[in-house]
Structure formats: C-alpha cells, structure tokens
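One structure is given here, and the rest of the page talks about it.
The values are calculated or read from the model by the stated rules, or taken from the named source; none is laboratory data. Keep in mind that what you see is a predicted model, and the values were worked out from it rather than measured. All Cβ positions, glycine included, derive from the backbone under ideal geometry; neighbour counts span all protein chains shown.
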Amino acid sequence: MNALPIIDIAPLYSDDESAWPAVAERIDRACREWGFFYIVGHPISSERIDTLLGAAKRFFAQPTEEKLKIDITQTAHHRGYGAIATEQLDPSKPSDLKETFDMGFHMPADHPEVLAGKPLRGPNRHPDEPGWAALMEQHYADMQALATTLLRAMALALDIEPEFFDKRFHEPISVLRMIHYPPRQTASCAGQQGAGAHTDYGCITLLYQDEAGGLQVRPRHGDWIDAPPIAGSFVVNIGDMMARWSNDRYTSTPHRVISPLGVDRYSMPFFAEPHPDTLIDCLPNCSSADNPPKYSPVTSAEYLLSRFADTYAYRREEQG
C-alpha cells in the first residue's frame, strides 16, 4: 500500500467519549507503521487557510530588502524571515530552495524568561503589514489547540495520563512557519531541492500544503512515495522528539520537497514542541526488559538547539 492513511478526527470534538478510542487506535497504527497520516474533520476553516495563503503570497512577493527587515539570522530566538538557501536540511545536498517566515509563542521583551536569556524565548517579529500579526497570532493559537487534541488522542493510545501532554505544552516552543518554494528551474544547481530529506525535530508536525504538490515520504519499508495535497486536510507526521519519547514506538519518517516545475509552492507547517524545560524521557509503557530505553533524557530546548545547529549556518557560527 502506497497511500498514507486518512483519519477523520471529528469524533475527537464530540462529547461522546466512546467514539474517541477508535480514532486514537487509527492514529496509533498510523504513527507506528508510517509516521505520517492525513487528518480531516478538524476545525480550521478553508476561509482561514485562504486568508493565510493570500498573506503569505503578498509577504514573499516583497523585495528582499523589505523582508530582511526581520532577518532571522539577526535574532537570538529564531523568529522572522529566512532567505533562500538559509537552511540545509540534507547535508549531502545544496542548501534548500525555499524562503520562510517563522514565529513562536510570543513573550514580550520584559518577560522574566526573556530577560533571563532562556533559549527560544522572545517576542515575535512580524512584518509591518496591516492585520498580519493578529492573523498569525490567532492561527498559532488555533493550531496549538489542534495539536493538543491530537496529542490527547495519542496519550489515550499510549495508555498514559490523559493530560500528560497538556501539562507539558504550557507556553510551548511550538513554531508556525510559512514557506515559499520558487519553481524548480530557479535552482542554483541540479541537486538543489525545495527541502532536502530530513526528519522533523519536534513532537508532531501539522502541515497545510497548497495544490502544487511536491511532498514525498520515505516509509520505513519502502522507497519514496508522493504525499499529494488533499483538500481540507493537514498532513501530520511524527518528529524525532516524539520518537525519543515513545522509544521509537512511533516512527519519525524522512521526507523531502521536490519543488514543482513552473509554479510556486506554498506550505504552512506547525511544529508542536513542548515547554523548553520539558524532559524528553522514555514514556511509561514504552519500554520493557526486552526493550530498554534507547535515548538519554534531554530537555526540549537542548534537543532543538542541537538540531538547529546542524541545519542553520548562522546557528553554527553563533555556537562556534
């Protein structure tokens, strides 16, 4: 089978809790076998997506010097605009053919955690466009709520405390990202991909992708397959942090983006990542005498920063 599972999560929003286990079981099976699946039946409206897409197209169409007013390489907490070739997700390939906008959980400059210099904490850096900040902050909150609903289903499947993840996603370091992939023919060389093969760093990723296509997934037992756009859906995948938490019960699956020919591609991933001090240690029920914990405990912030250093040249320079 080459088609990723499609799961209707509408029952998770029902007051009838007897309907939740069947959805949780489908999510659990998809996480074990694929590490990737689509969700439909979520509360994010098509009107919201259309508004976001329009805002993204207007922002990325601006002159580079305008976008660089919020240059991500000039911030200590990884917020703002990332120019083309800022990232290199696959070290065996040239830097990625994409440009980005990143935002996270907003903390004002006078917040105690910001004043203390805690990593990945600080204010968002929005472009000076009418309505942009309010739109993005609202969508960030709504995507975090959707991620929380999915994580509750995973807690049910993993037979752990129902609020386990809720408690650890208070003031998270989740990231909402807007991405523009220029057409493939604009690549600097033949080997440059939209996004090189990689696994995501966090817990779960929820991705909106437009109709251009280009996302590919490499399942545990098989070659690359397409993950084409499905109207009204998000693509969900497991990140490395959740793979560590679940002792590899849940699969963190490599994926990439091959930029389409002749058209621009836009996507909006939401990377759900817990509070920076959260200890990522083997979950209850995910180890045994025959399957001991495979990973050393690490905090959420420590793990993410280590992965950022592998991906972003400017982070390596800061640490070097």
Out of the range 51-70, which residues are loosely packed, with under 15 Cβ neighbours inside 10 Å, farther than 18 Å from Q138 by Cβ and not charged (D, E, K, R)? A61, Q62, P63, T64
Select, from K69, K98, the only residue that is over 17 Å from the mean Cα position of the chain (by Cα) and not acidic (D, E). K69
If only one of R79, R125, R48 is closer than 30 Å to R26 by Cβ and surrounded by 15 or more Cβ atoms within 10 Å (Cβ to Cβ), which one is it? R48
Regarding H221, is this residue crowded, with 19+ Cβ neighbours inside 10 Å and at pLDDT below 95? no
Among (1) surrounded by fewer than 19 Cβ atoms within 10 Å (Cβ to Cβ); (2) in contact with a Leu (Cβ under 8 Å, 6 or more places away or on another chain); (3) small (G, A, S); (4) in a helix (DSSP H, G or I), the one test that A197 misses: (4)
Scan the range 159-181 residue by residue and report those that are loosely packed, with under 15 Cβ neighbours inside 10 Å and either within 16 Å of the chain's Cα centre (by Cα) or not in a loop (DSSP other than H, G, I, E, B) (or both). D166, K167
Do we have S46 as more than 30 Å from R249 (Cα to Cα), at pLDDT 95 or above and among the hydroxyl-bearing types (S, T, Y) here? yes
Determine whether the range 250-267 contains at least one residue that is more than 25 Å from M103 (Cα to Cα) and of a type in the set (V, I, T). yes
Suppose we filter the range 110-122 for residues that are at negative phi and either acidic (D, E) or surrounded by fewer than 16 Cβ atoms within 10 Å (Cβ to Cβ) (or both); how many remain? 6
If I ask for residues that are in a loop (DSSP other than H, G, I, E, B), within 30 Å of L215 (Cα to Cα) and modelled with pLDDT of 85 or more, which ones from the range 88-125 would you list? K98, G104, F105, L120, N124, R125
Would you mention how many residues in the range 165-222 are among the hydrophobic types (A, V, I, L, M, F, W, C) and over 23 Å from I44 (Cβ atoms)? 4
Could you list, in sequence order, the residues of the range 116-170 that are touching a residue at least 40 places away in the same chain (Cβ under 8 Å) and among the basic types (K, R)? K118, R121, R125, R152, R168
Of P269, P260, P229, which residue is under 15 Å from I179 (Cα atoms), assigned to a loop (DSSP other than H, G, I, E, B) and not basic (K, R)? P260
Scan the range 199-241 residue by residue and report those that are more than 22 Å from H139 (Cβ to Cβ) and under 12 Å from the mean Cα position of the chain (by Cα). T199, I238, D240, M241
